[in-house]
Structure formats: C-alpha cells, structure tokens
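See structure below.
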Amino acid sequence: MSSRTEQWRRELQVGAVVRRSPGVTRWEREIWTPVAIIPGAPQAFWKELVHEGEVIDYHAGTVTMELYRADVEGYLVSLNMEVPSVWVIMDKDATSQSPSGWVVSSVTASAHEALDSLDSGESIVEAVPVPESLAAWIKEFIDMHYIEEPFKKRRRDEIRVDGVEDAKGDPRIRQESDVYRAPANMKKPRFQ
C-alpha cells in the first residue's frame, strides 16, 4: 500500500464482553447481551471473566475493528450519541461450540454498518459504551478525513410533471392480460 492510502484505514484488535443473565420468561431461559469492549484484547473464545450469582460476563471473542475513510460519517453518529458507543454484532454459531449459540462476528464504530446488520434480523446488534481512549482514537481518524459539506438548496427541475401518463407497467413485458400495459405498445391487428 502506498503511504497516501495507508492513512485511509485503521485497525485494532477489540474484545467483546458478553453477559449471560437469567431469562424473564419460561421460553427464554438465558439472555446474552454484549455489554463492553476491551481495546487491544488478546484472542479468547468465551473465557469467563466475572461470575456473580446467575450473571456471568464472558470475553466472548476478539475481532479486528476497522476504520475506513468512507465511513467517517457513521463513526461521527456513534460518537455523538447520548452515550458514545461502538456496536457489537453477533451471529449464530455454525460450529455449535459457543455456550450461547452466538459468536462475535464484528465490532464496528459505524452506526450505519450496525443498522445494516440490524436489517437482516439474523444478528444480535448492541451499542456498548466506548472507552475514552478508543473514542479519542476514532475521533482522531474522523478529524483527519471528515469534510463537512455545506447544505445547498437545489432548485426544482423545470420538467412538467402534470403531463398525461399513457399507462402504467413495464412495456418490455408482453402479456395480453396485463391491465397496466401501455395501450401504445399493444400489438394492433394487421389487415391485408
């Protein structure tokens, strides 16, 4: 990588702390919730950290958190939350080796990336408070790359939108029963 593009990306090993607490219904016996992160953590896989009664905190896994120049707006959103946060994303464990049935797939500082993971409905996505040292590291990256674009009011295009619409539907689809086809595209019978 050239020295110019090396500054466009940063990475750091980050551990995710996941808490197992008793469930509140008979269908959900345990609740697994990401609660913290450990910047610069060594590799671990569901290592027990704290055991207090029925609540256990695990170092669930260590992943590489990456910052990219193109995502600085998402990082800014995360740091400007009421409690500055990063996002822990957990997916189903395909190997069935974790006690929770989940594995830490990523830790991201981008609220936009977290929202994309939430859209699938297949992942656990939780915001966890970011330690001040890590927040400063992310803020430094934002300051290097964020360029605020001033708001520009655009004028409406001078296109007439009140014209007559011939019909609806896709003229490429040829179906006799298509009630929305454009009448101009219907095949006219030929008389010879």
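Read-outs throughout are calculated quantities, based only on the coordinates presented, and are distinct from any laboratory measurement. Keep in mind that this is a model prediction, so the values were computed, not measured. Cβ sites come from the backbone with ideal geometry, for glycine too, and all protein chains shown count toward neighbours.
Principal semi-axes of the equivalent ellipsoid, √(5λ) from the alpha carbon gyration tensor of the range 3-145, are 28, 15, 14 Å from largest down. A Förster radius of 35 Å combined with the Cβ-Cβ distance from residue 95 to residue 151 puts the calculated FRET efficiency at roughly 0.10. Equivalent ellipsoid of the range 39-120: semi-axes from √(5λ) of the C-alpha gyration tensor, largest first, are 26, 15, 13 Å. Extension gain for residue 127-residue 55 works out to 24.0 nm (0.36 nm per residue, less the C-alpha to C-alpha distance).
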